[in-house]
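Engineer: The structure under discussion is supplied below as structure tokens; questions concerning it will follow.
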Amino acid sequence: MKSESEKRVLLIEPSTIVREGLRKIFDELNGYNLVACYADTSQLLERCTNHRPDILIFNPILMSYQQRTNIRNFFNLPSSILLIALIYSLVDELLLQQFSATININDDLSRISKKLQTTNLDSIESKPENDDLSDRENEILVSVVKGLTNKEIAEKHFISVHTVISHRKNIIRKTGIKSVSGLTVYALLNNLIKYEDVE
């Protein structure tokens with residue numbers, strides 16, 4: 001039996017097969033309670049009010065073009081609800097940036113659990129909206145996650161150590177994440193590195 005302390009999850013997914021598969025996975029996941037599943041986003045705010053989810057998982061293909069500009073504002077969703085995208089087709093990168101994390105159709109129970117846990121840990125230090133990392137900052141972030149020192153990063157990217165430090169400060173400011181482990185999770189969730197790079 002699920003306890004009150006578990007994170008409440010609401011799932012919105014058009015495919016019955018995928019919904020039932022995720023229901024089975026959540027039955028086996030500790031710390032999470034899948035409170036309801038729906039096939040579409042109609043009455044989403046009302047459903048969130050009724051079920052009080054901590055996490056909302058839904059498939060971005062359900063979003064119309066008008067809804068994609070700002071999902072949270074369009075549905076008037078509280079900022080306390082974590083948005084997680086369920087992906088099994090090509091999705092616009094700008095749309096995905098509105099989600100705290102993604103779950104891929106090929107993810108197994110262990111990987112889904114890890115993604116949910118790391119997303120929950122970093123939710124306090126969530127990325128501010130509309131403050132994306134530049135391409136150079138993403139490169140520096142990857143180098144930091146791989147354990148390079150400031151001097152090594154400077155040499156690798158042909159910049160000064162002072163510039164590396166400035167980039168690192170910007171990365172911390174934009175992501176809200178100070179620890180290397182937190183940045184590693186961020187890089188994994190944003191597909192900047194692969195799991196094999198950190199295992």
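Engineer: Hey, among the residues in segment 116-163 that are part of a helix (DSSP H, G or I), modelled with pLDDT of 90 or more and hydrophobic (A, V, I, L, M, F, W, C), which one's farthest from Lys194 (Cα to Cα)?
Structural biologist: Filtering segment 116-163 for residues that are part of a helix (DSSP H, G or I), modelled with pLDDT of 90 or more and hydrophobic (A, V, I, L, M, F, W, C), the one farthest from Lys194 (Cα to Cα) comes out as Ala154.
Engineer: Determine, yes or no, whether Leu94 is surrounded by 15 or more Cβ atoms within 10 Å (Cβ to Cβ) and either modelled with pLDDT under 90 or not hydrophobic (A, V, I, L, M, F, W, C) (or both).
Structural biologist: In short, no.
Engineer: Go through segment 41-55 and give me each residue that's within 21 Å of the chain's Cα centre (by Cα), at pLDDT 90 or above and exposed (fewer than 14 other Cβ atoms within 10 Å of the Cβ).
Structural biologist: Listed by number, the list holds a single entry, Arg52.
Engineer: Filter segment 1-57 for residues that are touching a strand residue (DSSP E or B) at 6+ places or on another chain (Cβ under 7 Å) and of a type in the set (Val, Ile, Thr) and give the result.
Structural biologist: Val9, Ile12, Val35, Thr41, Ile55, Ile57, listed by residue number.
Engineer: Looking at His162, is it farther than 21 Å from Thr118 by Cβ, in contact (Cβ under 8 Å) with a residue 12 or more places away in the chain and not charged (D, E, K, R)?
Structural biologist: No, not satisfied.
The values are calculated or read from the model by the stated rules, or taken from the named source; none is laboratory data. This one's a predicted model, so the numbers in the text were calculated from it and none came from an experiment. Ideal geometry is used to build each Cβ from the backbone, glycine not excepted, and the neighbour counts take in all protein chains shown.
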